[in-house]
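K.L.:
Let me begin by handing over the structure; questions about it come next.
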Amino acid sequence: MTSQTSRHAEGPEGRFVARVLVYPRAEVLDPQGRAIEDALGRIGFDGVRRIRAGKSFEVALEAADEEQASEAVDRMCRQLLANPIVEDYTVEWVSE
Amino acid sequence: MKCGIVVFPGSNCDHDVYHVLSHVLEQETTFLWHQETSLEGCELVVLPGGFSYGDYLRAGSMAAHSPIMAAVRRHAEAGGRVLGICNGFQMLLETGLLPGAMRRNRDLRFLSVDVHLRVERDDLTWCSSYRRGDVLRMPIAHAEGNYVDTGEALDELERRGQVVFRYVDAAGRREPAANLNGSERAIAGVCNAGGNVLGLMPHPERCAEEMLGNRDGLGLLAGAVAGGGRVGALAAAGG
């Protein structure tokens with residue numbers, strides 16, 4: 001599991017927006033990504049080396065400070081947004 | 001045995017299980033709404049098939065966090081019987097009551113077809129109607145039934161004998177062509193370490209009466225209510 005947290009974007013006090021990206025783990029077969037990869041090849045895109053099909057979530061939340069916001073989003077990822085057996089997630093912070 | 005079938009928004013096999021437990025096996029059976037917090041004294045809890053919450057996020061993931069699941073977890077941890085069928089199996093994986101996870105089927109297709117299963121354990125109450133090595137025919141109907149876990153976890157699962165059903169051909173052989181959804185090690189059903197929680201992708205409730213042309217699944221539901229009590233493993237475990 002990976003969790004990269006970049007510097008939180010400046011926003012109104014106590015309000016944060018996280019973008020959570022969830023992808024199948026590298027070692028897990030991604031049938032969806034594979035199918036898209038094949039389709040891209042069929043329509044003439046020769047140089048595509050790999051497609052991983054994932055999901056993204058925008059989480060707008062209120063928290064006392066950056067650390068708490070980050071900790072809360074991390075727990076959301078582990079408990080619901082991603083399934084750690086088959087998926088990795090990364091967290092980016094964006095401006096509202 | 002008092003049986004409870006949990007109904008989630010999107011469950012669609014709840015009445016089929018109810019019919020078999022109540023009318024065929026003549027057990028006291030009740031529906032339990034997902035927002036309840038009590039199992040009303042049910043000894044067997046069934047998480048039925050369907051598309052709970054429209055399969056949002058990941059199949060079974062939303063249901064895994066519904067109010068009644070806290071009670072289901074307590075029941076399971078106290079040794080109570082929990083059976084998850086198809087979407088119910090996915091919920092048990094998402095709650096962590098059973099190990100592993102599901103991916104989309106290997107060929108990305110929704111599969112609705114009869115498959116053959118080999119019984120890998122007959123020392124569990126669930127399988128008391130079967131013998132180890134028996135080959136059963138049961139329908140599957142799912143898009144996310146491609147079982148996966150880390151290699152290490154799969155080895156551990158095998159070592160502890162938690163693989164209860166495997167996809168095989170009609171002769172009982174493990175063949176890639178018989179493992180339609182691409183599950184690791186052809187796994188179709190697993191139990192927890194205590195043997196009291198069982199999940200499987202195939203639908204025993206859809207093949208439990210002669211008039212349906214197949215009653216291979218009746219034995220599993222009969223096993224689910226066999227003996228009473230809360231023990232998952234049979235006293236006279238044969239192996």
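We did not get these values from a lab; they are worked out from the coordinates using the rules stated. Quantities reported herein were computed from a predicted structural model and do not represent experimental measurements. Here the Cβ is made from the backbone with ideal geometry for all residues, glycine too, and neighbour counts use every protein chain on show.
K.L.:
Filter segment A:68-88 for residues that are within 12 Å of chain B (Cβ to nearest Cβ) and within 21 Å of A:Gly33 (Cα to Cα) and give the result.
P.N.:
Within segment A:68-88, A:Leu81, A:Ala82, A:Asn83, A:Pro84, A:Ile85, A:Val86, A:Glu87 qualify.
K.L.:
Report the residue count in segment B:74-96 for those that are in contact (Cβ under 8 Å) with a residue 12 or more places away in the chain and either part of a helix (DSSP H, G or I) or within 14 Å of another protein chain (Cβ to nearest Cβ) (or both).
P.N.:
11
K.L.:
Next question, about the same structure. Of all the residues that make up segment B:97-145, how many are within 13 Å of chain A (Cβ to nearest Cβ), outside any loop (DSSP other than H, G, I, E, B) and within 21 Å of B:Phe8 (Cβ to Cβ)?
P.N.:
Looking only at that region, the number is 2.
K.L.:
OK, next. For B:Val72, state whether it is out of contact with any Asp or Glu (no Cβ under 8 Å at 6 or more places or on another chain) and either of a type in the set (Val, Ile, Thr) or closer than 21 Å to B:Ala222 by Cβ (or both).
P.N.:
Yes, satisfied.
K.L.:
Tell me which of these A:Asp65 doesn't satisfy, since it passes every other one: (1) more than 14 Å from every other protein chain (Cβ to nearest Cβ); (2) surrounded by 16 or more Cβ atoms within 10 Å (Cβ to Cβ); (3) among the acidic types (Asp, Glu).
P.N.:
Every condition holds for A:Asp65 apart from (2).
K.L.:
Would you check if there is a residue in segment A:78-96 being charged (D, E, K, R) and buried (at least 18 other Cβ atoms within 10 Å of the Cβ)?
P.N.:
yes
K.L.:
Right, next: For segment B:146-187, how many residues are among the hydrophobic types (A, V, I, L, M, F, W, C) and within 14 Å of chain A (Cβ to nearest Cβ)?
P.N.:
6
K.L.:
Any idea which residue in segment B:40-60 is nearest to the other protein chains (Cβ to nearest Cβ), counting only those that are assigned to a loop (DSSP other than H, G, I, E, B) and surrounded by fewer than 21 Cβ atoms within 10 Å (Cβ to Cβ)? Walk me through it before giving the result.
P.N.:
Step one: list which residues in segment B:40-60 are assigned to a loop (DSSP other than H, G, I, E, B), which gives B:40-43, B:48-49, B:51, B:56-60.
Cutting the leftovers down to surrounded by fewer than 21 Cβ atoms within 10 Å (Cβ to Cβ) gives us B:40-41, B:43, B:51, B:56-57.
Numbers: B:Glu40: 27, B:Gly41: 30, B:Glu43: 29, B:Phe51: 18, B:Tyr56: 11, B:Leu57: 7 Å.
Filtering first and then ranking leaves B:Leu57.
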